[in-house]
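Taking it in order: structure first as structure tokens, then the write-up.
Each value in this text was obtained by applying a stated rule to the coordinates, not by laboratory testing. Predicted model, so just to flag it, every value in this text is computed and none were measured. Please note: Cβ atoms are built from the backbone with ideal geometry, for glycine as well, and neighbour counts cover all protein chains shown.
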Amino acid sequence: MTEIVVHFNKPALAGREFEYIQQAINDAQISGDGRFTKKCHALLEVELGVPKVLLTTSCTHALEMAALLLEIQPGDEVILPSFTFVSTVNAFVLRGAKPVFIDIRPDTLNLDERLLEQRITARTRAILPVHYAGVGCEMETILEIARQHRIPVVEDNAHGLFGKYRGQYLGTYGCLATQSFHETKNLTCGEGGALLINDPRYIERAEILREKGTNRSRFFRGQVDKYTWVDVGSSYLPSDILAAFLYAQLEQRHIIQARRQQIWRSYESGLSDWAFKHEVHLPYVPADCQQPYHMFYLIMPSLDQRQALIEHLHSRGIQAVFHYLPLHTSEMGRKYGYGPGDYPVTEQTSERLVRLPFYNTLDRSDQEMVIETIRHFRPSW
Ligand SMILES: *Cc1c(COP(=O)(O)O)cnc(C)c1O
């Protein structure tokens, strides 16, 4: 095996992670909802302008909370792209929902809002847009259709923290939105997430669901004199040690985002003439979207060429990876009656897309090497 010279991803420290973890330990406050969790909540609420943010143990768990808050029942339908991570669908399938997939736009790779209305039925209970690579979905159209049919919208914003659509932050459009702080995301604490609550009607129940179905949050605020079992729930709150790590990252968000912008721009400028010449597509960012520079991908002309490029990079020690396999052609997708050919843009995109190494500390010479290696790629076209 070739030794890896440039990794696809490396978790990067922002600076004060150890110091804050030490503080949490010194304060003897390492369970959930301690000082650093509150700091993360406040920072995100103020920065994004969201009424309530709750850190969770993962984006997956934030999505599960969303499905519980929307009271998804067996037989309900949820509309989502097939080109997404399994948790977007599983969180709702866990409650008995039937996934109703929708194809993606060939330009942004987001759910194609022109196909949305025809997927709505009397059983539709949620629309789940995923902002792929942090590039905003056509939220205006999606929200308008959702309003007409009175269907809640939950944004899976795992890629899109600090991205904007028409000047407004992603994650602030749906009644609920979810974030991920998994190690592969722009800001991380290893494993972590957040639920953004834009519709205040969900706040109280969200606090209860996250605290094992008890009104413990109200107890800590002194609003009740003891706490007890009031609803279903689970344990969706992360340790304050993880929140301390995350707070150190959030504090440095401007530096992290600026660095990622530089990396993204270097890929774009280093590869655009090559891509044009060889009919390779680079990410498309509409003028009304401000992306958070989550990833850089290429869409190759064919599956064979995608595989050949990944091989070519691997042989030189560069880790490049493909991304989502369509959910509708997976083993589970087939159980719901879907199969190959149902969503052609999703299938073609999934076969042709390759993601390039991208992390906060990717250094210039390594990135130059990746760019040069790609420019020397000579497939059989
Ligand atoms: C990473 C990711 C998730 C899951 O995030 P976790 O924090 O690992 O649960 C969900 N949806 C999308 C689109 C993702 O990229």
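Things worth noting here:
- In summary, the lysines within cross-link reach of Lys10, defined as a Cα separation below 16 angstrom excluding same-chain residues under 8 places away, comprise Lys185.
- Mean sequence separation of contacting Cα pairs (under 8 Å, at least six apart), scaled by the length of the chain, corresponds to a relative contact order of 23 percent.
- Take each peptide in 96-109, 365-378, count the other Cβ atoms within 10 Å of every residue, and average; sorted highest first, the result is 96-109, 365-378.
- Amide H within-cut-off set for Val230, under 5 Å, with H built and near neighbours excluded: Thr214, Asn215
- With both residues required to sit in the chain, DSSP beta bridges show an antiparallel share near 60%.
- Label point of Lys277 set 7 angstrom out along Cα-Cβ; within the range 362-376, amide nitrogens under 14 Å from it belong to 372-376.
- Highest-first arrangement of 352-361, 83-92, 338-347, where packing means the average Cβ count within 10 Å: 83-92, 352-361, 338-347
- Between the range 230-268 and the range 102-141, the alpha-carbon center distance in angstrom: 25 Å
- Seen from every direction in turn and averaged, the convex hull around the alpha carbons of the chain projects onto 19.8 nm².
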